[in-house]
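Okay, so here's the structure we're looking at.
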Amino acid sequence: MKKTLLLLSALGMLASCSASKDEARSNRTSTTPVAHNAVVECILYDGMTKTSQQLATINSGTEVQVMDTVDAHFLKVRVTAAGKTQNGYMYRTCFSK
């Protein structure tokens with residue numbers, strides 16, 4: 001009887017842990033791009049290094065759609081400049097906190 005009770009309680013705890021894990025994934029924030037304005041003039045790169053090709057120069061006050069926070073230094077963004085939409089990477093320091 002004690003073994004059965006112990007087994008059932010262990011299974012119950014495992015089930016509750018996996019259920020809370022699924023809930024945490026489903027409560028994610030919106031994955032749509034979020035509009036921000038650049039606070040300084042920045043460069044839109046095609047990669048995440050300073051040696052990457054420069055796609056465009058983004059002026060201060062230009063609206064940029066942040067699509068993903070890639071790493072500690074770069075954001076993946078979408079910019080419409082001169083009637084052309086481009087995807088690339090910008091430094092985090094281009095935006096206010």
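Every read-out reported here was derived from the displayed coordinates using simple, explicitly stated rules and does not represent laboratory data. These figures come from a predicted structure and were not determined experimentally. When we count neighbours, we look across all protein chains shown, and the Cβ atoms used for this are built from the backbone with ideal geometry, even at glycine.
Neighbours of GLY88, meaning other residues whose beta-carbon lies under 9 angstrom from its beta-carbon, give a summed charge of +1 when Lys and Arg score +1 and Asp and Glu score -1. Which of rounded, prolate, oblate describes the range 35-97, given a ≥ b ≥ c as roots of the alpha-carbon gyration tensor eigenvalues and a/c under 1.5 marking rounded, otherwise prolate only if a/b is larger than b/c? In terms of gyration-tensor shape, rounded.
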